[in-house]
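Single-structure report; data block below.
The values are calculated or read from the model by the stated rules, or taken from the named source; none is laboratory data. Please read all numbers here as calculations on a predicted model, not as lab measurements. Glycine gets a Cβ as well: all are built from the backbone with ideal geometry, and neighbour counts include every protein chain shown. Heads up: the accessible areas ignore ligands, DNA and RNA and are worked out on the full protein's heavy atoms, side chains in. Shrake-Rupley method; radii C 1.70, N 1.55, O 1.52, S 1.80 Å.
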Number of protein chains: 2
Amino acid sequence: MSSPVDLSTPISQVGLVGVGVMGAPMARNLMKAGFSVVAWNRTRARMDALVGDGASAGNSAADVAARSELVITIVSDSPDVVAVATGSDGVFAGARPGTIVVDMSTISPAVTRDLAAQASAHALTWLDAPVSGGEAGAIAGTLTIMVGGDAPAFARAQPVLSAMGSRVTHMGPSGHGQMTKLCNQILVAINLLGASEALSFASRAGLDVERVYSALTAGAANSWALEKLGRKMIDRDFAPAFKVKLQQKDLRLVSEAARDVRTPVLGTALVEQLLRTLEAQDKGELGTQALITVLEQLGAR
Amino acid sequence: MSSPVDLSTPISQVGLVGVGVMGAPMARNLMKAGFSVVAWNRTRARMDALVGDGASAGNSAADVAARSELVITIVSDSPDVVAVATGSDGVFAGARPGTIVVDMSTISPAVTRDLAAQASAHALTWLDAPVSGGEAGAIAGTLTIMVGGDAPAFARAQPVLSAMGSRVTHMGPSGHGQMTKLCNQILVAINLLGASEALSFASRAGLDVERVYSALTAGAANSWALEKLGRKMIDRDFAPAFKVKLQQKDLRLVSEAARDVRTPVLGTALVEQLLRTLEAQDKGELGTQALITVLEQLGAR
């Protein structure tokens with residue numbers, strides 16, 4: 001067995017598994033803050049630019065873990081995290097005792113609790129730390145990071161997390177980061193519906209939507225969704241910042257978790273069905289602001 | 001017939017019909033800005049404090065109108081506005097030619113267009129100018145004011161409106177102020193649902209809602225509703241800033257206007273039904289943030 005991580009010194013070696021739209025800018029912010037980064041991605045080509053910027057390339061998730069004091073995983077969905085964590089070439093197989101694994105993907109709270117237990121059996125500590133703020137927040141280093149897991153591990157990980165986010169909150173035990181992210185997605189979904197319904201009604205009523213936007217963003221009607229996504233709806237800019245299909249994945253997680261805790265989520269369910277309509281129209285790759293087009297189709301011609 | 005209003009000088013005499021939770025602080029801001037205010041209210045006792053602060057008391061809506069260059073009406077619902085405008089002792093009966101009538105109540109856009117036509121037949125100009133921002137905004141003079149009607153009348157009224165609001169927007173012709181307010185209420189309603197659903201889910205999931213609030217107000221989940229009403233939900237403060245029964249009145253107006261323009265409003269309809277549940281529980285006098293209690297009742301015991 002390899003030697004344990006020295007817990008008496010601050011973390012300097014950070015591993016990264018998943019170099020996508022989010023992972024790549026997060027790695028750059030880590031390097032800017034002085035951390036050494038070793039990275040691995042299933043699709044090797046995605047890593048080239050990051051290596052050019054100073055990151056080392058690992059040969060596998062296990063190799064990345066072996067060379068790190070803290071390993072970040074940021075991939076798409078629960079099965080992807082399970083694969084990179086528990087696979088034969090995965091993080092658990094390579095990590096030294098005392099390593100902190102920080103999963104920044106948005107996945108199931110139930111799967112998270114299971115992975116945390118497995119990590120513990122390997123003498124590792126699992127933190128669930130999903131993010132909000134999208135690619136723009138990842139680039140700017142202003143992500144909201146919601147962390148579940150062991151408090152001392154959170155304290156040790158905090159300088160690493162603060163290099164990527166502007167509000168880093170310890171939410172409670174394992175799974176509470178993911179549960180908080182689901183609360184975040186409930187709001188993101190329902191506020192998106194609000195912006196879509198108000199602006200489609202405004203158009204239908206013959207209003208000047210530009211002036212409506214100006215008046216409504218000033219007061220009690222305002223939301224991040226209205227400001228950012230409402231702007232794009234008016235501009236008919238449906239390019240993805242957050243894709244319909246990814247929002248659907250998150251709402252499926254909300255739906256499952258809500259069933260587990262036995263509470264209906266009426267508004268979220270409505271938005272899920274409307275986004276499914278977009279997917280059925282082969283628009284799953286558009287940004288979520290395309291929801292307004294579904295509402296427009298519902299109104300009179 | 002009394003002499004017409006002199007349109008070559010700026011407005012100095014402002015009438016106010018309706019001295020309620022909104023009207024009283026708005027009158028005080030008008031006086032602070034240097035306008036003379038003459039007021040009338042159906043319940044006379046409500047006017048005493050305002051008269052103590054320097055306003056004149058009118059004997060009727062007609063009397064107020066006769067003594068003003070611009071008359072503000074701010075009462076509860078469409079029939080109330082019709083009564084104070086068209087009654088035998090109403091604004092139309094007393095107003096001199098050239099008077100601007102500014103209705104700052106939230107009422108039906110269709111009724112508004114009808115009143116504007118009647119005003120025109122009396123050589124008066126009708127502006128619909130509903131507000132957002134509640135009692136706090138009325139006191140602070142930071143209301144959002146959404147104005148429909150004749151552009152020259154809007155320009156003449158603007159200094160008066162600016163004494164009460166921080167964002168005053170001319171939305172278009174008659175009725176467009178009210179239609180914009182309905183867009184505002186769509187967002188207010190749906191964003192309220194978002195905050196309620198996310199925070200009730202958070203409690204049910206065993207999260208620390210205080211930390212959830214802190215994390216979620218930082219990013220893409222944020223809204224005025226989450227910040228202001230979510231705060232009150234966590235504090236179990238259901239005292240009214242905006243009453244359930246008034247929100248219901250506004251959502252009825254949305255529902256009617258949406259039917260007129262032939263567009264479904266799925267999210268608003270859902271919130272309307274949930275608020276009706278509160279009313280059925282005799283909670284119509286609570287603040288709208290009490291919506292969370294309905295969602296809590298839906299979950300498992």
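Average 1/r across all pairs of distinct alpha carbons in the stretch B:1-106, invert it, and you get the Kirkwood radius: 13.4 Å. Distance from the C-alpha centroid of the stretch B:66-145 to that of the stretch B:230-255: 24 Å, rounded to the whole angstrom.
What FRET efficiency do you get for B:LYS249 and A:ALA241 if R0 is 35 Å and r is their Cβ-Cβ distance, rounded to the nearest 0.05?
Values: r = 37 Å, r/R0 = 1.06.
My answer for the efficiency is 0.40.
Sorted shortest first, the distances from the B:ALA121 label point to those of the same residue in the other copies are 8.3 nm; each point sits 7 Å from Cα along Cα-to-Cβ.
Report the net charge of residues surrounding A:PHE238, where surrounding means a beta-carbon distance below 10 angstrom and charges are Lys +1, Arg +1, Asp -1, Glu -1.
Details: positive: A:LYS232, A:ARG236, A:LYS283; negative: A:ASP235, A:ASP237, A:GLU285.
Summing Lys/Arg as +1 and Asp/Glu as -1 gives 0.
Just so you know, the Cα atoms of the stretch B:131-269 work out to an Rg and Dmax of 17.4, 57 Å. Here the Debye sum runs over all C-alpha atoms of the stretch B:13-172 as equal scatterers in vacuum, and log10 of I(q)/I(0) at q = 0.17, 0.19, 0.21 Å⁻¹ comes out as -0.90, -1.17, -1.49.
Could you tally the net charge around A:VAL81, taking each other residue with its Cβ under 13 Å from the Cβ of A:VAL81, Lys/Arg +1 and Asp/Glu -1? Write out the running numbers ahead of the final one.
Values: positive: A:ARG42, A:ARG113, A:LYS249; negative: A:ASP77, A:ASP80, A:ASP103, A:ASP114, A:ASP128.
Combined, the nearby Lys, Arg, Asp and Glu give -2.
For A:SER12, the distances from its label point to the matching points in the remaining copies are 7.8 nm, ordered from shortest, with each point set 7 Å beyond Cα toward Cβ.
How many lysine pairs does chain B hold where the Cα atoms are under 15 Å apart and the two sit 8 or more places apart or on different chains? Within chain B, the lysine pair count is 6. Per residue, chain A reaches -14500 deg cm²/dmol at 222 nm when only DSSP H runs of four or more residues are counted, each adding -39500 (n - 2.57).
Please compute the Kirkwood hydrodynamic radius over chain A, one decimal place, Å, based on all pairs of different Cα atoms.
Working: mean 1/r = 0.0497 Å⁻¹.
After inverting the pairwise mean of 1/r, the radius is 20.1 Å.
Label sites at B:GLU285 and B:MET31, each approximated as a point 7 angstrom past Cα along Cα to Cβ, lie 2.9 nm apart.
Computed over the stretch B:239-289, the range of Cα coordinates on each principal axis works out to 35, 17, 14 Å, biggest value leading. Nearest chain A C-beta to the A/B rotation axis, reported as residue and distance in angstrom, is A:SER223, 2.
Ordering A:ARG236, B:ARG28, B:ARG42 by accessible area with a probe of 1.4 Å, largest first, what comes out? Walk me through the numbers before you get to the answer.
Working: A:ARG236 120, B:ARG28 80, B:ARG42 195 Å².
Sorted descending by solvent-accessible area, the residues read B:ARG42, A:ARG236, B:ARG28.
Counted as membrane-span-like here are DSSP H helices of chain A whose alpha-carbon atoms extend 27 Å or more along the helix's own axis and whose Kyte-Doolittle mean is 0.0 or above; these are A:176-204. Each of A:PHE238, B:PHE242 has its accessible area taken with a 1.4 Å probe; listed largest first, they run B:PHE242, A:PHE238.
Accessible surface computed residue by residue for the protein assembly as shown, with neighbouring protein chains in place and a 1.4 Å probe, gives 37 Å² per residue. Shortest first, A:ASP282 label-point distances to identical copies amount to 5.9 nm, with the label point at 7 Å from Cα along Cα→Cβ.
Counting only protein heavy atoms, what percent of the accessible surface of the stretch B:171-301 is carbon or sulfur at a 1.4 Å probe? Reported share for carbon and sulfur atoms: 52 percent.
What net charge is computed for the residues neighbouring A:LEU7, neighbours being all others with C-beta under 15 Å from the C-beta of A:LEU7, Lys and Arg scored +1, Asp and Glu -1? Intermediate values should be presented prior to the final figure.
Values: positive: A:ARG96, A:ARG156; negative: A:ASP6, A:GLU69, A:ASP150.
Net charge around A:LEU7: -1.
The Cα atoms of the protein assembly as shown define a convex hull whose projected area, averaged across directions, is 29.8 nm². Considering only Cα atoms, the convex hull volume of the stretch B:119-161 works out to 78 Å³ per residue.
Sorted largest first, the spans of the alpha carbon positions of the stretch B:190-301 along the three principal axes are 44, 32, 28 Å. Each label point was placed 7 Å from the Cα along the Cα-to-Cβ direction; for A:SER88 and A:ALA155 their separation is 4.1 nm. Counting only heavy atoms of the protein chains and using a 1.4 Å probe, B:VAL75 has close to 40 Å² of accessible surface. Summed over both chains, the accessible area lost when B and A associate is about 5200 Å², using a 1.4 Å probe.
Percent antiparallel among DSSP beta bridges with both residues in chain B, to the nearest 5? Display every interim value, and only then the final one.
Numbers: 4 of 29 bridges.
About 15 percent, rounded to the nearest 5.
According to the calculation over all Cα-Cα pairs in the stretch A:1-42, the P(r) per 5 Å bin from zero is 6, 20, 26, 20, 14, 11, 3 %. Projected label points at B:SER162 and A:ASP208, each 7 Å from Cα along the beta carbon direction, are separated by 1.8 nanometres.
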